[in-house]
C-alpha cells in the first residue's frame with residue numbers, strides 16, 4: 001500500500017495495483033492537488049468517504065490483521081482552518097492511518113517554526129503515532 005500526494009492520472013501504474021485518486025484542476029486545466037492511495041489488488045479493499053472537511057481527500061477501507069482499517073490520504077491547504085475535534089472523532093471510530101500533506105510546520109519535522117494546527121496536542125496523545133520523513137520536504141532557497 002502506498003499513499004501518494006502527487007500523482008497524475010496519466011502516471012503509469014504497475015500491474016496488480018489499484019489506484020483510488022482525487023485530482024483538482026486549476027482554472028487553466030492544469031492538474032493540481034492530486035492525492036492517491038495505491039493498493040495491491042490482492043488486498044481486499046473498498047472506497048470510503050472520509051468524514052473530514054478537507055478537499056481533496058481519499059479514503060480506503062482494508063483489512064489489517066482481520067480488523068477493518070481506514071486509510072485516508074489528506075491534503076490540508078495552508079489557509080484551511082483545521083478542526084482537531086473532527087480528526088479525533090474520525091480516529092475514534094476504528095483503526096485509521098492518516099497520511100498526506102498537512103501543511104503543519106513543526107521543528108520536529110525540520111521546520112523553522114511551529115504551526116497552530118493543534119498538532120502538539122495530537123502528537124502527545126499516547127494512542128497515536130505521528131511520523132514524517134527524516135529530511136525536510138520543503139526548503140527555502
*Pairwise label distance in nanometres, residue 51 with residue 113, each label 7 Å out on the Cα-Cβ vector*: 3.5
*What is the extension gain from residue 103 to residue 30, computed as 0.36 nm multiplied by their sequence separation minus the C-alpha to C-alpha distance, in nm to one decimal?*
24.1 nm
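If each residue's Cβ is checked for other Cβ atoms within 10 Å, how do 98, 91, 64, 35 rank with the fewest at the top?
64, 91, 98, 35
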_Label-to-label distance, nm, for residues given as residue 127 and residue 80 (7 Å Cα→Cβ offset)_ = 2.2
*asked:* How large is the direction-averaged shadow of the alpha-carbon convex hull of segment 17-103, in nm²?
replied: 6.3
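Quick one: 112, 20, 75, fewest Cβ neighbours within 10 Å first, how do they rank? Mind showing how you got there, number by number?
Values: 112 8, 20 19, 75 22.
Going from sparsest to densest Cβ surroundings: 112, 20, 75.
A short reminder: the numbers here are calculations on the coordinates, not readings from a lab. Note that the coordinates shown come from a computational prediction; the quantities given were computed from them, not determined experimentally. Every residue, glycine as well, gets a Cβ built from its backbone with ideal geometry; the counts of neighbours run over all protein chains shown.
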